[in-house]
Amino acid sequence: MTQQTASAPSMFAKVDTFAAFVCDWLIDLVFPPRCGNCGRVDHRFCDACHDQLISLPLETNSIIVDSLDDICATGKQVGILEAAVKSFKFHDALALCDSLTARLVASLSQQDWPIDVIVPVPLHADRELERGYNQSNLLGQQLARAINAPCQPAWLARIRGTSQQARLAASERRDNVAGAFEASADVEGKSVLLIDDVVTTGSTLSECALALRARDARAVYGIVVSKT
């Protein structure tokens, strides 16, 4: 009896996993994925477009964002880089993480920043559940392994839901994210590298930096894949 009871949750979990697999397979069968750049069927981001992304020259851009000591991007949010970021962020093209991280590593190597810890910009729990992952966290974990630094996603939390910044005018973005983040006391005295996929007005990164400084972070830098 005890053995049967204990194995029931595991059995249900396997059924749920199989059902999810079948559901995804049926969706891909009826609506096959298309490359986010050229539209080729059956690829979330095809090999030819991936080669274009890899060959795209690094264009390290320094940006001014309130509350950050410094911030840089690996290029502009146009062309192949824009397509790659959107495919990675919205369309499950997770295989792009390695190539996008490689750009971040190259860009960071041009900076002289003392980094103690990498902290990804967090999603609200509801948004992350809907999307299935936090793209900034994936980049942060990969970057941390590449430069042998700790990544601490739990050190910064989004404490309230916000509207998607991309849908708002520049004048509305600051109000949308004001007070939306809370940092852990663990950041005290640390030099923090915030990581995100895209920067537009810098409102989100600025609010994150304010939350980290409220917990006495020693310095706050930022790095993003692209800037608009």
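Assuming residue 87 fulfils every condition listed in (1) among the polar types (S, T, N, Q); (2) closer than 22 Å to residue 128 by Cβ; (3) at pLDDT below 95 apart from one, which condition is it?
Among (1) among the polar types (S, T, N, Q); (2) closer than 22 Å to residue 128 by Cβ; (3) at pLDDT below 95, the lone unmet condition for residue 87 is (3).
Write out, first by first residue and then by second, each pair whose Cβ atoms fall under 6 Å of each other, whose residues are 6+ apart or on separate chains, and whose first residue, in segment 180-205, is more than 24 Å from residue 62 (Cβ to Cβ) while the second is of a type in the set (A, V, I, L, M, F, W, C) and in a strand (DSSP E or B).
Correct list of pairs: 182/157; 183/156.
Would you be able to tell me the number of residues in segment 197-225 that are assigned to a strand (DSSP E or B) and surrounded by fewer than 24 Cβ atoms within 10 Å (Cβ to Cβ)?
Number of matching residues: 4.
Identify all residues within segment 125-154 that are at pLDDT below 95 and over 20 Å from residue 91 (Cβ atoms); write none if there are none.
125
From the list 73, 95, which one is surrounded by 15 or more Cβ atoms within 10 Å (Cβ to Cβ), on the phi < 0 side of the Ramachandran plot and among the small types (Gly, Ala, Ser)?
73
Can you tell me how many residues in segment 109-152 are touching a helix residue (DSSP H, G or I) at 6+ places or on another chain (Cβ under 9 Å) and among the small types (Gly, Ala, Ser)?
Total satisfying the criteria: 5.
Go through (1) under 29 Å from residue 206 (Cβ atoms); (2) surrounded by 17 or more Cβ atoms within 10 Å (Cβ to Cβ) and name the single condition residue 109 misses.
(2)
Suppose the filter is out of contact with any helix residue (DSSP H, G or I) (no Cβ under 6 Å at 6 or more places or on another chain) and either modelled with pLDDT under 95 or surrounded by fewer than 18 Cβ atoms within 10 Å (Cβ to Cβ) (or both); does residue 171 pass it?
For residue 171, the condition - out of contact with any helix residue (DSSP H, G or I) (no Cβ under 6 Å at 6 or more places or on another chain) and either modelled with pLDDT under 95 or surrounded by fewer than 18 Cβ atoms within 10 Å (Cβ to Cβ) (or both) - is met.
Answer yes if at least one residue in segment 124-140 is over 22 Å from residue 181 (Cα atoms) and of a type in the set (Phe, Trp, Tyr), and no otherwise.
No: zero hits.
Quick check on segment 59-76. Is at least one of its residues over 15 Å from residue 208 (Cα atoms), modelled with pLDDT of 95 or more, in a helix (DSSP H, G or I) and in contact with a helix residue (DSSP H, G or I) (Cβ under 9 Å, 6 or more places away or on another chain)?
Taking every residue of segment 59-76 in turn, none turns out to be over 15 Å from residue 208 (Cα atoms), modelled with pLDDT of 95 or more, in a helix (DSSP H, G or I) and in contact with a helix residue (DSSP H, G or I) (Cβ under 9 Å, 6 or more places away or on another chain).
The values are calculated or read from the model by the stated rules, or taken from the named source; none is laboratory data. What you see is a predicted model, and the numbers here were worked out from it, not measured in a lab. Ideal geometry is used to build each Cβ from the backbone, glycine not excepted, and the neighbour counts take in all protein chains shown.
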